[in-house]
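Below is one structure, written out as structure tokens, with a few remarks after it.
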Amino acid sequence: MRIVIAGAGAVGTHLAKMLSSENENVVLLDESEEKLGRMETSFDLQTIIGDPTKISALKDAGVGEAELFVAVTPDESRNITACILAHYLGASKTIARIDNYEYLLPKHKEYFASLGVDSLIYPEQLAAEEIATSIKYAWMRQMLEFGGGALVMIGVKVRENASIINIPFKELPPDIPYHIVALQRDDETIIPRGNDCIKANDIVCFMTTHENIPYIRQICGKEQFSEVKSVIIMGGSRIAVRTTKLIPENIDVKIIESDLNRCHKLVELVDDEVMVINGDARDPELLRSEGIAHTDVFIALSDNSETNIIACLAAKRAGVSRAVSEIENIDYISMAEKMDIGSVINKKKLAASTIFQMMLKTDVSSVKCLTFIQAVVVEFPVNHDCLITRKPVKALGLPDGANIGGLIRNGAGVHVTGNTMIEPGDHVIFFCVERVLKKLEKYFK
Amino acid sequence: MFHPRVIFRVIGMLLFIEALFMLMCVGVAFFYNENTVQSLLSSAGIVALIGAVLVFLCKGGNRNVSFKDGYIVVSLCWVVFSLLGTLPYILSGSITNFTDAFFETMSGFSTTGATILEDIEALPKSILFWRMMTHWVGGLGIVFFTVAVFPMFGLNDIKLFSAESVGPMRSKLHPRISVTARWILTIYIALTIICAVSLNVVGMGWFDSICHSMSTIATGGFSTKQASIAAFNSPAIEYVITFFMFVSGVNLSLLYLAIFKLRPMTLLRDTEFKTYLIIVAVFTFAIGLGLFFSPGDMDAESSFRASVFQVVSLQTTTGFATVDYAAWMPLLWLLLCALMFFGACSGSTSGAMKCVRISILFKVVWNEFKRIVHPNAVIPVRMSKRVIPTAVQSAILAYTVIYIFTLVAGLFVNMAFGIDFLDSFSISVASVGNVGPALGNYGPMDSFALLPDGVKWFSAFQMLVGRLEFFAVLLLFTPVFWKRR
């Protein structure tokens, strides 16, 4: 499928690389020759130099035949303009990256669609939502909800004190109220089989229901984590502002920003309860005087990934039990994991989830990318007569790297075993490695 | 970083392709019932065996090709192809001397077309077909060919591709390299078929038609006749070949858009194509005039025909000849040398400098004059309405310097082996530009057989370097490339 990406910034280039390795026909459009740089000689895609809001440039990029047009330049108005033009020229679906929360409100959706902008992505908002979840459940790495909360997938890093480590899966009692879909051990992703067992420092992906979350917390030995009451955010970025809007009001929030002008701007943007502090959050003296030892979560959201990593290390040393950092450089994520700095937020991966969702031809309820594993979790609704309803799960011959996490039937989460028959109307949650995603589609046609 | 396993595995796989081409020649040998079947079969067997051993020894390991791997693979595969491409000549006894065989093969793959053979008509048809095969594969490029024909080899790694398909400005037809390659291949094959049929219609036998068509479309220059196209003595054949040589000198991507996508205007809007057209027109006129007025009995039509054929042949770096231009008046030699230096369009099968670079160079020089008159003016270099960035301009200047340097090096080596100045110079120009025949004693009607071995080896090197546009090969001779840090 032909995909035109306008804007070769961080998100655009990441998408282009990812989609071209998925064997899609990718055209990357940007007006700056430097930004396109070596993309064409290093990856199997086409680059076009031109302004994404110019009709001639869009025509050069072959927008007319494009099945997906993604506008991810830094400027939201240009993105929307580009989408409108692309729609006019014949692009099947358009996605614009935006920077304004109001646009996302459901009541405007129809208007944007009438303009020719089919979908909007707001990576900063997605990042803020993820941070808010990780503050609520400070003992997890990531939590994803499916089917309106009927099933949840949670990622937990288990330590020596967890009760489930070193037990082979086949020896676990059969009536356990969870399903383990994957393990991440150092750089390796393990789809567990009977003889595998969880080891200390693995990140474990559990698929379970809401009422069993406390149980999971118990078996992972995470009960010492108290409820979060105070948070320090380093860097007054857009994500920081969105985060302050999303976290519960009873939590005490401080933002440390080094640029004084930005501080003045910040106080206009955030609510009254949020305290804005001018200073460098890497300075241990400043952190101590702001009571870092009694802070529950430290969130590093500056523009610089390295700074964020260092700041989280410093904060952890100063006594914070939980740290979250924004790391934009994907290669750093596994490195950060080894340094044990806690949850990682990556805007590119969040944006990529949305694009993936648009790319699949079948109607998918949701696609979520995991930050700590190169994998995605997809919710597929099951229609009548699709391949997946014909045989029990074990006889389907699902591709390697894909694993059914569970299914939602009549609004309730159901565990899937090898003998389960999937029925029309169910929603199936798949855990799969990125490259396998397209292969799964045929089971739902 | 480079990964020897990856490099040799890829080369091993490419060798299967070479074996396949040799097998096609076996088919020709069968068809004409020639005694070369066994030698061609064993050549193919040896090549396939070496390929299999390389693939077997280097299986597994890293799958990713780095930039450096790309350059090594491309340079090495051209050398290895030429080394093993000598097997059909040697095993069949057509060429007994290894140096000669290597020169002939390299001249084939690089679409140069210079030959050491002195009695071409005496060779078996299957061996002649192998000569044309080397041209036809080399015209598009070995890696390119493989990517286009055998996508299942999984060689469509973009880094291999970019190391081989060089040029100042790339234009992709389709986002995916494998599709672009397939489209280019389509037009290449279509041109070859049309050319072969046209030649047959105007009176050439089928075997000669197919061979000359392969040689023409690849802008190679090997002929099945010792006297080249002059042997046919037919104006119709000469015009047909002139036309197809000219078409092969056009950027294949543009040609695809113009013909298959019905956008002929893209051609006329292209500055490079216009430059190409103008050079052909001006030189045809000048040389035609020179021939008409030089002593002899050439009438207007025959001097025009001789002029346009030679001009197109040399500018597209094909190297066919209908007359012995080495016997023309010396003033015209200069014009011919200039043509050999210019070359046709980038993205075509021709060699030498390419019109896009010539055009940019002239504009850069012209701008220097303008800048003296208007010291504060901002003067862009435009090609097809696009402003050429300074980085590309300086890359082209560097290209020119290295081109001239390689020319002079060839001149030096040739003269060191005792060849006179005119011969040395023209051999060097013809080799670097992948033209083929030179001037003086090594003109279109002569053979390179008498050259000393050293000259043959260095010329072969010049052909390779010129075909891969210098940097890809010469990079391997720089210490920086091999540093691990």
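Side notes on the structure shown:
- Here A:A96 clears all of (1) under 20 Å from the mean Cα position of the chain (by Cα); (2) in the same structural domain as A:L28 (by TED's automatic domain parsing); (3) over 30 Å from A:S334 (Cβ atoms); (4) at pLDDT below 90 except the condition numbered (4).
- Some residue of the range B:160-180 being in contact with a His (Cβ under 9 Å, 6 or more places away or on another chain) and either modelled with pLDDT of 85 or more or within 12 Å of another protein chain (Cβ to nearest Cβ) (or both): yes
- Within the range B:387-407, tally of residues that are hydrophobic (A, V, I, L, M, F, W, C), within 14 Å of chain A (Cβ to nearest Cβ) and assigned to a helix (DSSP H, G or I): 3
- Applying a threshold of 6 Å to beta carbon distances and a minimum spacing of six or more residues, or different chains, the list of pairs starting in the range B:322-338 at a residue that is under 25 Å from B:K225 (Cα atoms) and in contact (Cβ under 8 Å) with a residue 60 or more places away in the chain and ending at one that is crowded, with 21+ Cβ neighbours inside 10 Å and among the hydrophobic types (A, V, I, L, M, F, W, C) reads B:T322/B:I229; B:T322/B:F309; B:V323/B:A306; B:A326/B:L439; B:W333/B:L439; B:L336/B:L314; B:C337/B:V429.
- Residues satisfying the stated conditions in the range A:331-359, i.e. hydrophobic (A, V, I, L, M, F, W, C) and buried (at least 18 other Cβ atoms within 10 Å of the Cβ): A:I333, A:A336, A:I341, A:V344, A:I345, A:L350, A:A351, A:A352, A:I355, A:F356, A:M358, A:M359
- Some residue of the range B:267-281 being more than 24 Å from B:I388 (Cα to Cα) and under 20 Å from the mean Cα position of the chain (by Cα): yes
- In the range A:217-245, of all residues being modelled with pLDDT of 85 or more and of a type in the set (V, I, T), the one that is surrounded by the fewest Cβ atoms within 10 Å (Cβ to Cβ) corresponds to A:V241.
- Filtering B:L76, B:L123, B:L117, B:L84 for residues that are within 22 Å of the chain's Cα centre (by Cα), surrounded by fewer than 24 Cβ atoms within 10 Å (Cβ to Cβ) and closer than 21 Å to B:F207 by Cα leaves a single hit, B:L117.
- Filtering the range A:1-31 to residues that are more than 10 Å from chain B (Cβ to nearest Cβ), crowded, with 21+ Cβ neighbours inside 10 Å and within 20 Å of A:I84 (Cα to Cα) leaves A:I5, A:A6, A:G7, A:A8, A:G12, A:L29, A:D30.
- Evaluation of A:F69 against (1) assigned to a strand (DSSP E or B); (2) touching a residue at least 60 places away in the same chain (Cβ under 8 Å); (3) away from every other protein chain (no Cβ under 14 Å) (one fails), failing number: (3)
- Those residues of the range B:189-230 which are at negative phi and part of a loop (DSSP other than H, G, I, E, B), in sequence order: B:V202, B:M204, B:G205, B:A218, B:G220, B:F222, B:S223, B:T224, B:K225, B:Q226, B:A227
- Scanning the range B:415-445 for residues that are of a type outside the set (A, V, I, L, M, F, W, C) and outside any loop (DSSP other than H, G, I, E, B) gives B:D423, B:S424, B:S426, B:S428, B:S431, B:G440, B:N441, B:Y442.
- Contacts under 6 angstrom Cβ, first residue in the range B:350-372 being in a helix (DSSP H, G or I), partner surrounded by 13 or more Cβ atoms within 10 Å (Cβ to Cβ) and acidic (D, E), 6 or more apart: B:C355/B:E272; B:V356/B:E272
- Test: A:L144 is part of a strand (DSSP E or B) and closer than 28 Å to A:I80 by Cα: no
- Restricting attention to the range B:272-299, the residues that are surrounded by fewer than 18 Cβ atoms within 10 Å (Cβ to Cβ) and hydroxyl-bearing (S, T, Y) add up to 1.
- Scanning the range A:181-198 for residues that are surrounded by fewer than 13 Cβ atoms within 10 Å (Cβ to Cβ) and of a type in the set (K, R) yields a single hit, A:R193.
- Selection status of B:I217, away from chain A (no Cβ under 14 Å), out of contact with any helix residue (DSSP H, G or I) (no Cβ under 6 Å at 6 or more places or on another chain) and at pLDDT 90 or above: no
- Residues (part of a helix (DSSP H, G or I) and buried (at least 23 other Cβ atoms within 10 Å of the Cβ)) located in the range B:173-183: B:I177, B:T180, B:A181
- When residues of the range B:13-35 are limited to those that are part of a helix (DSSP H, G or I) and not hydrophobic (A, V, I, L, M, F, W, C), the one surrounded by the most Cβ atoms within 10 Å (Cβ to Cβ): B:E18
- Taking the range B:287-328 as the range and being under 22 Å from the mean Cα position of the chain (by Cα) and among the aliphatic types (A, V, I, L, M) as the test, the residues that pass are B:V308, B:V311, B:V312, B:L314, B:A321, B:V323, B:A326.
- B:I194 within 19 Å of the chain's Cα centre (by Cα), at pLDDT 85 or above and either within 10 Å of chain A (Cβ to nearest Cβ) or surrounded by fewer than 24 Cβ atoms within 10 Å (Cβ to Cβ) (or both): no
- Contact map, the range A:32-60: residues that are facing chain B (nearest Cβ under 10 Å) paired with residues that are assigned to a strand (DSSP E or B) and surrounded by fewer than 21 Cβ atoms within 10 Å (Cβ to Cβ), Cβ distance under 9 Å, separation 6+ or inter-chain. Pairs shown: A:E33/A:I49; A:I49/B:R386.
- Within the range B:320-349, the residues that satisfy the criterion of being in contact with a Gly (Cβ under 9 Å, 6 or more places away or on another chain) and not in a helix (DSSP H, G or I) are B:F320, B:A321, B:D324, B:W328, B:M329, B:G343, B:A344, B:C345, B:S346, B:G347, B:S348, B:T349.
- Filter pass, B:N35 being modelled with pLDDT under 90 and more than 14 Å from every other protein chain (Cβ to nearest Cβ): yes
- Of the residues making up the range B:96-145, those that are outside any helix (DSSP H, G or I) and either among the acidic types (D, E) or under 21 Å from B:L14 (Cβ atoms) (or both) are B:S110, B:T111, B:T112, B:E118, B:D119, B:G141.
- Against the test of being touching a Leu at 6+ places or on another chain (Cβ under 9 Å) and touching a residue at least 24 places away in the same chain (Cβ under 8 Å), the options A:K368, A:K394 yield a single qualifying residue, A:K368.
The values are calculated or read from the model by the stated rules, or taken from the named source; none is laboratory data. Just so we're clear, the structure is a prediction, and the values are computed from it rather than from any experiment. We place every Cβ from the backbone using ideal geometry, glycine too, and count neighbours over all the protein chains shown.
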